[in-house]
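Working notes for the structure below.
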Amino acid sequence: DDPETSDLVREALKRHAIAPHRVCVEVTESVVMADSASTRHSLECFKHLGLRVAIDDFGTGYSSLAYLHSLPVTTVKVDRTFVERLGTADDSMPVVKAVIEMSHALGLRVVAEGVSNEQLATIVSTLGCDSAQGYFWSRPMPAHEFAGWWREANFRAAALSSAL
């Protein structure tokens with residue numbers, strides 16, 4: 001909500017020679033729905049810069065389809081509270097499916113949060129999520145550990161591809 005946010009981001013991109021399309025700014029649904037002028041200005045600036053913008057925790061607040069349609073966002077992240085219940089007695093399948101279909105109809109990418117096992121990964125893929133994140137792949141880790149984890153993950157993927 002700070003009116004200087006877009007200027008700080010623009011300066012950081014320039015200082016570190018980062019291509020804007022490689023950056024995704026996540027904003028929680030509650031912040032977006034507060035509809036402050038400075039937040040909307042920052043989102044518009046991010047779009048103009050070429051950044052991707054994701055609405056995080058989608059579905060936990062008071063989402064409005066009309067409002068979602070008018071926002072300069074590229075991605076909707078389905079909140080983990082819905083994803084974690086997929087395939088259970090308290091199944092949230094209709095909600096997740098509706099969010100995916102609605103988002104795709106608006107030209108938005110969809111990320112499922114909180115994917116903790118293979119069953120959930122399969123379900124969100126089948127429902128049409130563009131990508132997913134969660135403990136199924138890895139728990140959060142310090143940056144200094146990431147490089148080794150990434151090399152190992154790529155090594156495993158390459159080995160699996162050659163075996164097929």
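Coordinate-derived values only; no laboratory data. Since the structure is predicted, the reported quantities are computational estimates derived from the model, not experimental observations. Backbone-built Cβ (ideal geometry, glycine too); neighbour counts: all protein chains shown.
Using alpha-carbon pairs under 8 Å, 6+ residues apart, how would you state the relative contact order of the range 4-65 in percent?
Reported relative contact order: 42 percent.
Can you give me the distance in nm between label points at HIS41 and GLN119, each placed 7 Å from the Cα along the Cα-to-Cβ direction?
Taking the two extended label points, one gets 5.0 nm.
Considering the dipole of the chain built from charges on the beta carbon (Lys and Arg +1, Asp and Glu -1) around the Cα centre, which of PRO94, SER42, GLY128 is farthest to its positive end?
Farthest towards the positive end: GLY128.
Run the reach check for LYS14 against lysines, Cα to Cα strictly under 30 Å, same-chain hits fewer than 8 apart removed. What comes back?
Partners within reach: LYS47, LYS77.
Between ALA17 and ASP90, what is the FRET efficiency for a Förster distance of 45 Å, r being their Cβ-Cβ separation, to the nearest 0.05?
0.40
Note the full-extension length gain between GLU145 and GLU4 as 0.36 nm times their separation in residues minus their Cα-Cα distance, in nm to one decimal.
This chain segment gains 47.5 nm when fully extended.
Given Cβ point charges of +1 (Lys, Arg) and -1 (Asp, Glu) and nothing else, what value in debye, to the nearest 20, does the dipole of the chain about its Cα centre take?
620 debye
Which loop-located chymotrypsin sites (Phe, Trp or Tyr not before Pro) does the range 1-95 contain, where loop means any DSSP state but H, G, I, E or B and the Cβ has at most 16 other Cβ atoms within 10 Å?
Sparse-neighbourhood loop chymotrypsin sites (Phe, Trp or Tyr not before Pro): TYR62.
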